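Coordinate-derived values only; no laboratory data. As the structure is a prediction and not an experimental result, all values here were calculated from the model. Cβ sites come from the backbone with ideal geometry, for glycine too, and all protein chains shown count toward neighbours.
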């Protein structure tokens, strides 16, 4: 990167524009991980074309771009959940969606509805794996595939095996108020789409924080000192504290 990465400003642009989403991913990889994006981090055009031929359909432009940019970087896409390789992409059993990602215990899948594949940057849906299969359906997740990959990179960073992550269960309302007062609320739209309060993101003193529906808090620090400061400011039974 030729200039300092501004996570908040870059994310605000990524929310609005597909190209800016890929710039955010590249900036985040360079600034928050051990290795910037480089040659060989994505799948080749030939590999993606082979997947299209096998499936008998065209991948949306944004999904192709994501796979070509970072599809092989498991540290960005697979610390917890799994981004499918091109030869694992498949249409779900209902024939409704192209599935590209799986929850790590099989509790959910993410995909693009077949009816949306003609869009360059289509919405991404999520389908939970429920005991009552009759209640399973593809639910709204995020409005654009490129934005979903920004979310993937952010969320997977919270599970990085580098000792700079932590988890706080039973998040209290005063903890959220503390975050709002002393941290920057990131300009990411609430999601899953249509759910309130949904998932919210914050940045506080070099610590990325994700608050899930007011129930728990996940943290990823750039340094141990920054992470310790958040643990002190928001006391509780931190998993790794």
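Summary table
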{"read-out": "Relative contact order %, the chain, counting alpha carbon pairs below 8 Å whose residues are six or more apart", "value": "15"}
{"read-out": "Packing-based ranking, highest mean first, of 196-203, 64-71, 24-31 given that Cβ atoms within 10 Å are counted", "value": "64-71, 24-31, 196-203"}
{"read-out": "Where labels lie 7 Å past Cα in the beta-carbon direction, separation of residue 172 and residue 92 in nm", "value": "3.9"}
{"read-out": "Of 165, 112, 230, the one that fluctuates the most in a GNM where the chain has Cα springs shorter than 10 Å", "value": "230"}
{"read-out": "The chain: most fluctuating residue of 135, 54, 144 per GNM, C-alpha cutoff 10 Å", "value": "135"}
{"read-out": "Relative contact order %, the range 76-155, counting alpha carbon pairs below 8 Å whose residues are six or more apart", "value": "21"}
{"read-out": "Overall Cα dimensions of the range 7-149 - principal axes, largest extent first, Å", "value": "44, 32, 27"}
{"read-out": "Fluctuation leader among 132, 212, 75 - the chain, Gaussian network, Cα springs under 10 angstrom", "value": "132"}
{"read-out": "Over the chain: Rg over Rh, Cα atoms, Kirkwood Rh", "value": "0.96"}
{"read-out": "25 °C / 0.890 mPa s Stokes-Einstein diffusion coefficient of the range 57-105, Kirkwood radius on C-alpha pairs, µm²/s", "value": "212"}
{"read-out": "Inter-label distance, nm, simple model (7 Å from Cα along the C-beta direction), residue 80/residue 185", "value": "2.2"}
{"read-out": "Helix 145-157 vs. the chain, principal-axis angle (Cα, 0 to 90°, nearest 10)", "value": "50"}
{"read-out": "Helix 7-16 vs. the chain, principal-axis angle (Cα, 0 to 90°, nearest 10)", "value": "30"}
{"read-out": "Rounded FRET efficiency, nearest 0.05, which uses the C-beta distance separating residue 139 from residue 228 and R0 of 41 Å", "value": "0.65"}
{"read-out": "Reciprocal of mean inverse Cα separation for the range 150-230 (Kirkwood radius, Å)", "value": "12.7"}
{"read-out": "In degrees, nearest ten, helix 61-70 long axis to first principal axis of the chain (Cα)", "value": "60"}
{"read-out": "Between the range 175-241 and the range 16-65, the alpha-carbon center distance in angstrom", "value": "27"}
{"read-out": "Ranking of 155, 44, 146 by count of other Cβ atoms within 10 Å, fewest first", "value": "44, 155, 146"}
